[in-house]
Amino acid sequence: MTALQSPTMQVDDDPMAFYELSLEQRWGDGAPLIPPTDERVLALLASTPYAADRELGLLPPKYGTLTVELAAVNATMAGVEPEAFPFVIAALEGVLSPEWNAYALTTTTSSVHPMLIVNGPTRERFGIDFKAGCLGGAAGRGSMTIGRAVSLCLRNVGGQRPGETSRTVFGQPARFGLCFGEWEERSPWPSLAERAGFDRAQEVVSVHGGKGNFPFADVNNDDPADLAYMIAKCIAFPLNNWYLEMTGDSGQLVLVINPIWAERLARTFPDVEDLQGYVHEHAWQPIDLFRPTNQQVLIDKGRVDDKGRVYLCGRPDQLVPVVCGGLGGLHGQALTSFVQSEIQSVEARR
Amino acid sequence: MNETDVAAAVEEMAELLRLDGGDLHLVSVDPATDRIEVRLDIEDASCVECILPPEHLRTVISDAVSKRVPSEFELIVHGPRTLSG
């Protein structure tokens with residue numbers, strides 16, 4: 001049996017005692033935690049091929065050394081099912097990828113946080129919600145614990161604390177942890193993981209640096225192209241982070257599309273690239289929309305084209321459709337971009 | 001989604017339709033997509049006007065299935081006029 005290296009402490013065998021200790025010592029997230037006994041931590045470690053002492057990397061903002069064991073301790077506290085632990089490791093590997101830009105994302109004034117999107121055959125098995133209420137409320141164990149485990153690692157290993165190491169102004173609800181799946185079986189397009197080069201049999205976590213979830217709704221546009229047009233105008237809101245940047249060439253925005261809309265949109269856009277291209281083509285605002293000082297800033301940055309349009313972002317592939325949600329239709333969401341971060345897709349290894 | 005429960009609900013509705021010479025058949029249940037397809041048969045109906053209008057019929061079938069299937073589903077009714085929702 002693997003000998004754990006983490007320091008131990010004695011706590012009364014009472015759930016409230018451990019919860020109150022976590023509040024007192026500030027290694028919780030304010031919600032009750034599961035005590036990480038040796039037995040529980042070892043159960044998680046048994047589900048990953050990685051050694052407990054393997055160093056996954058230095059986790060910002062304070063660059064704490066993240067070992068697999070420390071990830072397992074925090075995942076245990078979050079309530080992660082042992083067999084779901086590889087998703088936590090994969091998500092943390094994504095967070096630690098240089099392209100994800102973890103230092104900036106964990107220290108910024110923005111509300112940005114890892115948003116985890118899961119593909120693969122075990123979504124249902126692990127309670128990773130992808131149907132009604134998948135962004136909150138569906139209450140699957142995987143959705144409620146895997147993202148939380150990543151957040152606890154950022155807090156306890158990386159040292160991320162609002163108002164101290166993190167300058168986030170508001171934070172966001174997803175900072176407790178956000179993890180949801182794609183309803184691949186209802187998607188008319190290749191899944192997010194397939195578009196990243198994986199196949200359907202692989203369990204994959206994609207980590208998006210999302211600023212928040214921006215909802216929109218429609219009952220007035222019967223033509224799928226009209227719906228796509230309005231989505232484009234909606235996501236190109238004038239104070240989007242992309243309009244603050246020198247260019248629109250980095251980052252992604254996740255378009256959360258319900259299965260009914262996906263089916264409708266696919267009649268006009270059978271290839272996902274067609275949809276991305278159309279939405280990108282219309283995701284702009286006229287320069288006249290902006291106030292004069294703001295106009296000059298955008299002109300100076302070279303963001304205005306010869307038709308007076310300010311495009312939201314540089315390329316169609318930066319707009320990333322993901323199909324999930326309930327069958328009520330009518331609603332979509334944008335998981336908006338921090339811009340200086342690229343989505344990372346990582347296989348959960350067993 | 002349990003196929004047996006769906007079949008029982010569809011049969012319940014079919015029994016009512018048979019009173020007027022119509023019928024309802026379960027075409028498919030797909031748990032991966034939560035999609036249920038049924039086919040309405042009114043060719044032999046003695047009183048076609050007695051069969052509920054398609055939109056109402058879909059609602060009635062949907063309600064019957066909902067009593068046995070607690071989760072959300074999409075119902076597609078094939079027949080003289082295909083309906084989904």
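The values are calculated or read from the model by the stated rules, or taken from the named source; none is laboratory data. Computed from a predicted model, the values in this text were never measured in an experiment. Reconstructed Cβ throughout: ideal geometry from the backbone, glycine too, with neighbour counts over all protein chains shown. Note: areas computed on protein heavy atoms with side chains; ligands, DNA, RNA excluded. Shrake-Rupley method; radii C 1.70, N 1.55, O 1.52, S 1.80 Å.
How much FRET efficiency would the formula 1/(1 + (r/R0)^6) give for A:ASP223 and B:LYS67, where r is the Cβ-Cβ distance and R0 is 56 Å, rounded to 0.05? Let's see the in-between values first.
Numbers: r = 36 Å, r/R0 = 0.65.
Computed FRET efficiency for A:ASP223 and B:LYS67: 0.95.
Could you tell me the distance between the Cα centroids of segment A:131-200 and segment A:221-290, to the nearest Å?
22 Å
Counting only C-alpha contacts under 8 Å and six or more residues apart, can you give the relative contact order of segment B:3-78 as a whole percent?
Values: 104 pairs, mean separation 27.4, N = 76.
About 36 percent, as a whole number.
Among the GluC sites (Glu not before Pro) within segment B:1-42, which fall in a DSSP loop and have no more than 15 other Cβ atoms within 10 Å of their own Cβ? Don't jump to the answer; show the numbers that get you there.
Numbers: sites: B:GLU3, B:GLU11, B:GLU12, B:GLU15, B:GLU37; in loops: none.
Within segment B:1-42, no GluC sites (Glu not before Pro) qualify (loop, at most 15 other Cβ atoms within 10 Å).
If you take every residue apart from A:LEU44 with its C-beta less than 12 Å away from the C-beta of A:LEU44, what net charge results, scoring Lys and Arg +1 and Asp and Glu -1?
Net local charge, A:LEU44 excluded: -4.
Could you give the alpha-carbon Rg of the protein assembly as shown over 2.2 N^0.38 Å, rounded to two decimals?
Details: Rg = 24.9 Å, N = 435, 2.2 N^0.38 = 22.1 Å.
The reported ratio for this selection is 1.13.
Check cross-link reach from A:LYS131 to the lysines: straight Cα distance under 23 Å, and skip same-chain residues fewer than eight apart.
A:LYS131 reaches A:LYS211, B:LYS67.
Return the lysines within reach of A:LYS307: Cα separation strictly under 24 angstrom, same-chain partners fewer than 8 residues apart disregarded; answer none if there are no such residues.
Once the sequence-local lysines are set aside, what remains near A:LYS307 is A:LYS233.
Rounded to the nearest 10 degrees, what's the angle between the helix A:224-235 long axis and the longest principal axis of chain A, both from Cα atoms, 0 to 90?
70 degrees
Pairing the Cα long axis of helix A:272-282 with the longest principal axis of chain A, what angle in degrees results, from 0 to 90 and rounded to the nearest 10?
That works out to roughly 60 degrees.
So, by mean Cβ neighbours within 10 angstrom, what's the order for A:78-84, A:301-307 with the highest one leading? Present the calculation step by step, with values, prior to reporting the outcome.
On the way: A:78-84: 21.1, A:301-307: 12.3.
Final packing ranking: A:78-84, A:301-307.
Quick one: pull the percent of accessible area on segment A:15-347 belonging to carbon and sulfur, 1.4 Å probe, ligands and nucleic acids left out.
Details: 7090 of 13280 Å².
Solvent-exposed carbon and sulfur of segment A:15-347 make up 53 percent of the total.
Placing unit charges on C-beta atoms (Lys and Arg positive, Asp and Glu negative, everything else neutral), compute the dipole magnitude of segment A:270-334 about its Cα centre in debye, rounded to 20.
Once rounded to the nearest 20, the dipole reads 340 debye.
With a sphere of radius 11 Å drawn around the Cβ of A:LEU178, what net charge do the other residues whose Cβ falls strictly inside it have (Lys, Arg +1; Asp, Glu -1)? Don't jump to the answer; show the numbers that get you there.
On the way: positive: A:ARG148, A:ARG175; negative: A:ASP129.
For residues surrounding A:LEU178, the net value is +1.
I'd like the Karplus ³J(HN,Hα) series for segment B:25-36: coefficients 6.51, -1.76, 1.60, θ = phi - 60°, whole numbers in Hz, and an x wherever there's a Gly or Pro.
So the J values, rounded to whole Hz, are 10, 7, 8, 7, 10, 10, x, 6, 10, 6, 10, 10.
Compute the relative contact order of segment A:15-347 as a whole-number percentage, counting only Cα pairs closer than 8 Å that sit 6 or more residues apart in sequence. Don't skip to the answer; put the middle values down first.
Working: 707 pairs, mean separation 70.9, N = 333.
Relative CO of segment A:15-347 lands at 21 percent.
Which value, in square angstrom to the nearest 100, describes the accessible area buried between chains A and B on both sides, using a 1.4 angstrom probe?
Values: alone 15340 and 4990 Å², together 19640 Å².
Summing both chains' loss of accessible area gives about 700 Å².
Using the alpha-carbon atoms, what tilt in degrees (0 to 90, nearest 10) does helix A:85-96 show relative to the longest principal axis of chain A?
On a 0 to 90 degree scale, this one is about 60.
Take every DSSP beta bridge with both residues inside the protein assembly as shown and express the antiparallel ones as a percent of the total, to the nearest 5. Could you put the intermediate results ahead of the total?
On the way: 38 of 53 bridges.
Bridges in the protein assembly as shown are about 70 percent antiparallel.
So which residue, out of A:PRO114, A:PRO32, A:PRO292, gets the largest mean-square fluctuation from a GNM of chain A using Cα contacts under 10 Å as springs?
A:PRO292
Excluding A:ARG26 itself, calculate the net charge of residues whose Cβ lies under 9 Å from the Cβ of A:ARG26, where each Lys or Arg counts +1 and each Asp or Glu counts -1. If you can, show how the numbers build up before the last one.
Details: positive: A:ARG155, A:ARG161; negative: A:GLU24.
Around A:ARG26, the charge tally is +1.
Which residues, if any, in segment A:179-226 lose at least 50 square angstrom of accessible heavy-atom surface (probe 1.4 Å) when the other protein chains sit next to their chain rather than the chain being alone?
In segment A:179-226, residues shielded by partner chains: A:ARG186.
So with the 1.4 Å probe, I'd like the accessible area per residue for segment A:15-347, rounded to whole Å². Please report the intermediate quantities before stating the final value.
Values: 13280 Å² over 333 residues.
The answer is 40 Å² per residue.
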